[in-house]
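Written below as structure tokens is the structure these notes are about.
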Amino acid sequence: MDHILYWNSIALEANRRDFSNAPGISNPSPEQGGPTLSSRALAMVHLAMYDAHAGARNDPAKLPRYLTTVSAPSSGASPASAVAAAAHACLSALYPRQKQHFDAAYQAAGLSGAGIVEGHAFGLAVAAAILADRVNDPSASDSGYIASTLPGHHRPDPANPEQGYHAPFYGARSKGFSITKRHELDPPPALGSIEHEEAFKQVRGKGIASELMGVLPNNIEKRTSYETLIGLYWAYDGPRKIGTPPRLYNQIVREVAQTTINPATNRINDVDDNARLFAFVNAAMGDAGILAWDQKYIHDFWRPVLGIREYDASMGPSASTPSHVISNDCDPFWLPFGAPASNSGDRNFTPPFPAYPSGHATFGAAALHITRLFYGVPIKDRNPDTLFNGSFVSEELNGITHDNAGNVRPRHARFFPGGLGQMIVENSLSRIYLGVHWLFDGFVFDNLGNPDFTRNIGGVPLGLTIAEDIFTAGNFIAPIKSNVDPRA
């Protein structure tokens with residue numbers, strides 16, 4: 001058994017369970033709520049798993065350690081036992097309500113043979129060191145945060161006005177996992193600019209609530225059924241029984257790890273490869289959560305639901321120009337199709353944090369591009385690839401998940417001829433079709449209508465930069481510990 005893949009599956013199940021409001025739990029809110037804390041948790045668990053495996057394998061040239069503060073294990077320590085102890089301890093600390101589930105998973109691992117005791121002791125020491133290293137990370141609390149009421153700035157979803165603000169201080173007050181610097185983005189296109197107006201028109205039609213499509217002007221192109229499918233396919237907006245985007249991207253990487261021959265080795269991954277790959281992927285998403293949220297609250301750009309409803313200068317809490325006639329481009333009653341509240345009866349929603357850059361786009365680009373690099377795609381290569389040869393069924397469209405009206409969605413098996421590169425683009429575009437993001441939150445197009453990743457605008461360029469930074473800093477072998485401190 002590949003112990004990295006085994007405990008990765010347990011960690012992903014922990015994310016799913018954390019958002020499932022399990023019966024009998026007195027406090028049903030997630031323990032690692034939202035994309036920030038869930039990406040942090042997965043990064044911690046997988047870096048602990050990597051270090052436990054690397055230390056027990058004792059081959060620093062091929063498996064250099066992430067932390068140097070834990071003494072080497074006793075000779076003959078079992079890597080499987082070390083990983084099991086590290087993963088179990090980290091998961092139990094991060095998700096204490098699920099400890100019984102982790103205990104059962106540990107027993108089901110069936111550890112046996114020499115070095116079990118030695119490996120277990122080492123794994124516990126690694127977990128303790130990882131947990132101690134991140135003990136001062138900030139929470140996702142919005143206590144003390146004061147939002148702007150000026151046009152262009154983020155405020156709560158009008159359809160969910162009590163939602164608050166997720167993690168306004170998290171990005172600035174977190175240190176890095178494996179990045180070498182705080183990567184910054186250029187500002188989004190200015191209100192009224194040509195790029196903004198094009199994105200405005202696009203999401204007004206492509207992202208509108210289905211029941212409001214009939215009120216769209218004739219010059220606005222509506223969302224198609226296919227675009228609705230794409231929007232839902234990539235959602236994973238923390239709904240019941242599904243969890244958050246970092247879980248989705250791990251699920252995709254699992255498929256690659258188990259089916260794709262790496263040109264560098266001419267074989268499918270072994271356990272050493274998977275220890276390195278999943279450490280890279282989850283460190284990249286841990287840093288994506290930090291840097292995307294840092295940039296979100298620096299630029300503080302509003303979501304389409306406000307930008308479209310308050311397009312006219314007479315609209316909004318800081319309206320500057322009273323009027324008896326509003327612009328034809330303003331729809332005071334516009335609502336998005338919305339991030340889907342799957343497997344519940346709750347309303348669809350706009351996420352409770354600023355739009356720019358898209359977290360989905362940043363996480364997806366960071367995770368999938370660092371996987372591309374791991375499998376030999378050159379740095380700065382933005383072309384399609386052939387790294388995803390099978391099909392993938394999103395849990396949003398698996399024939400089991402139902403929408404908030406109780407309708408079961410069909411099962412959709414989707415394949416990607418352009419590989420992980422195609423996934424990165426489609427994942428970003430999906431947010432427009434839900435009406436929760438502008439195009440430039442993910443990337444912008446060039447004059448030929450192709451994604452332009454050379455401009456430092458949006459979550460995709462940010463995620464690509466994070467992936468290439470971490471991969472090169474780790475000398476293409478494994479992630480190194482970051483020396484990037486919280487923002488001053």
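The values are calculated or read from the model by the stated rules, or taken from the named source; none is laboratory data. Note that the structure is a prediction, hence the values are computed from the model and not measured. Cβ sites come from the backbone with ideal geometry, for glycine too, and all protein chains shown count toward neighbours.
Name every residue in the range 348-383 that is hydrophobic (A, V, I, L, M, F, W, C) and assigned to a helix (DSSP H, G or I), in order of residue number. Explain how you work it out, then say what you get.
The first filter runs over the range 348-383 and keeps only residues hydrophobic (A, V, I, L, M, F, W, C), leaving 349, 353, 355, 361, 363, 365-368, 370, 373-374, 377, 379.
Across the range 348-383, the qualifying residues are Ala361, Phe363, Ala365, Ala366, Ala367, Leu368, Ile370, Leu373, Phe374.
Could you check Ser428 against (1) part of a loop (DSSP other than H, G, I, E, B); (2) among the hydroxyl-bearing types (Ser, Thr, Tyr); (3) within 21 Å of Asp237 (Cα to Cα) and say which number it fails?
Unmet for Ser428, out of (1) part of a loop (DSSP other than H, G, I, E, B); (2) among the hydroxyl-bearing types (Ser, Thr, Tyr); (3) within 21 Å of Asp237 (Cα to Cα): (1).
Within the range 406-419, does at least one residue satisfy the condition of being of a type in the set (D, E, K, R) and part of a helix (DSSP H, G or I)? Steps first, answer last, please.
Going through the range 406-419, the residues of a type in the set (D, E, K, R) turn out to be 409, 411, 414.
Within this subset, residues satisfying the condition of being part of a helix (DSSP H, G or I) are none.
The answer is no, given that none of the residues of the range 406-419 is of a type in the set (D, E, K, R) and part of a helix (DSSP H, G or I).
From the set of residues in the range 142-155 that are in contact with a helix residue (DSSP H, G or I) (Cβ under 9 Å, 6 or more places away or on another chain) and surrounded by 13 or more Cβ atoms within 10 Å (Cβ to Cβ), which is farthest from Arg303 (Cα to Cα)?
The first filter runs over the range 142-155 and keeps only residues in contact with a helix residue (DSSP H, G or I) (Cβ under 9 Å, 6 or more places away or on another chain), leaving 145, 151-155.
Imposing the further condition that a residue be surrounded by 13 or more Cβ atoms within 10 Å (Cβ to Cβ) reduces the set to 151-155.
Numbers: Pro151: 11, Gly152: 9, His153: 8, His154: 7, Arg155: 8 Å.
Once the filter is applied, the top-ranked residue is Pro151.
For the list (1) touching a residue at least 24 places away in the same chain (Cβ under 8 Å); (2) in contact with an Asp or Glu (Cβ under 9 Å, 6 or more places away or on another chain); (3) under 25 Å from His299 (Cα atoms), I need the number of the one condition that Asp441 fails.
With respect to (1) touching a residue at least 24 places away in the same chain (Cβ under 8 Å); (2) in contact with an Asp or Glu (Cβ under 9 Å, 6 or more places away or on another chain); (3) under 25 Å from His299 (Cα atoms), Asp441 is out only on (2).
Exactly one condition in (1) at pLDDT 95 or above; (2) on the phi < 0 side of the Ramachandran plot; (3) in a loop (DSSP other than H, G, I, E, B); (4) surrounded by 15 or more Cβ atoms within 10 Å (Cβ to Cβ) is not met by Gly171; state its number.
It fails just one condition, (3).
Within the range 436-469, which residues are under 18 Å from the mean Cα position of the chain (by Cα), small (Gly, Ala, Ser) and either surrounded by fewer than 17 Cβ atoms within 10 Å (Cβ to Cβ) or under 22 Å from Arg204 (Cα atoms) (or both)?
Gly442, Gly458, Gly459
Scan Gly463, Gly418, Gly442 and give me the residue that is in contact with a helix residue (DSSP H, G or I) (Cβ under 7 Å, 6 or more places away or on another chain) and under 23 Å from Tyr226 (Cβ atoms). Can you show your working first?
Values: Gly463 fails: under 23 Å from Tyr226 (Cβ atoms); Gly418 fails: in contact with a helix residue (DSSP H, G or I) (Cβ under 7 Å, 6 or more places away or on another chain).
It is Gly442.
Just give me the residues in the range 245-268 being surrounded by fewer than 19 Cβ atoms within 10 Å (Cβ to Cβ), over 17 Å from Arg414 (Cβ atoms) and within 13 Å of the chain's Cα centre (by Cα), in sequence order.
Selection gives nothing.
Select, from Phe363, Phe374, the only residue that is in contact with a Pro (Cβ under 8 Å, 6 or more places away or on another chain), in the same structural domain as His166 (by TED's automatic domain parsing) and either at pLDDT 95 or above or more than 20 Å from Asn450 (Cα to Cα) (or both). Before the answer, list the steps.
Numbers: Phe374 fails: in contact with a Pro (Cβ under 8 Å, 6 or more places away or on another chain).
Being in contact with a Pro (Cβ under 8 Å, 6 or more places away or on another chain), in the same structural domain as His166 (by TED's automatic domain parsing) and either at pLDDT 95 or above or more than 20 Å from Asn450 (Cα to Cα) (or both) holds for just one of Phe363, Phe374, which is Phe363.
Which condition from (1) hydroxyl-bearing (Ser, Thr, Tyr); (2) part of a helix (DSSP H, G or I); (3) touching a residue at least 12 places away in the same chain (Cβ under 8 Å) is the one that Ser92 breaks?
Only one criterion is unmet by Ser92, namely (3).
Any idea which of (1) surrounded by fewer than 21 Cβ atoms within 10 Å (Cβ to Cβ); (2) outside any helix (DSSP H, G or I); (3) not aromatic (Phe, Trp, Tyr) is the one Leu185 doesn't satisfy?
Evaluating Leu185 over (1) surrounded by fewer than 21 Cβ atoms within 10 Å (Cβ to Cβ); (2) outside any helix (DSSP H, G or I); (3) not aromatic (Phe, Trp, Tyr) leaves (1) as the failure.
Return the pairs, sorted by first residue and then second, in which the second residue is of a type outside the set (Phe, Trp, Tyr) and assigned to a strand (DSSP E or B), the first residue lies in the range 382-398 and is free of Cβ contacts under 8 Å to residues at least 40 places away in the same chain, the beta carbons are less than 9 Å apart, and the residues are 6+ apart or on different chains.
Ser391/Ala413; Ser391/Arg414; Val393/Arg411; Val393/His412; Val393/Ala413; Val393/Arg414; Asn398/Arg411; Asn398/His412
This table checks each residue for (1) modelled with pLDDT of 95 or more; (2) part of a helix (DSSP H, G or I); (3) of a type in the set (Val, Ile, Thr).
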{"position": "Tyr106", "(1), (2), (3)": "yes, yes, no"}
{"position": "Ala121", "(1), (2), (3)": "yes, yes, no"}
{"position": "Ala129", "(1), (2), (3)": "yes, yes, no"}
{"position": "Val135", "(1), (2), (3)": "yes, no, yes"}
{"position": "Gly144", "(1), (2), (3)": "yes, no, no"}
{"position": "Pro161", "(1), (2), (3)": "no, no, no"}
{"position": "Lys175", "(1), (2), (3)": "yes, no, no"}
{"position": "Pro189", "(1), (2), (3)": "yes, no, no"}
{"position": "Ala199", "(1), (2), (3)": "yes, yes, no"}
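Please work out which one of (1) closer than 22 Å to Ala341 by Cα; (2) touching a residue at least 24 places away in the same chain (Cβ under 8 Å); (3) out of contact with any Phe, Trp or Tyr (no Cβ under 8 Å at 6 or more places or on another chain) is the condition Glu211 fails and give its number.
The failed condition is (2).
Looking only at the range 387-439, which residues are within 14 Å of Ile252 (Cα to Cα) and hydroxyl-bearing (Ser, Thr, Tyr)?
Ser391, Ser394
Output the residue which, of all residues in the range 1-54 that are at pLDDT 95 or above and polar (S, T, N, Q), is nearest to Pro168 (Cα to Cα).
So the residue we want is Thr36.
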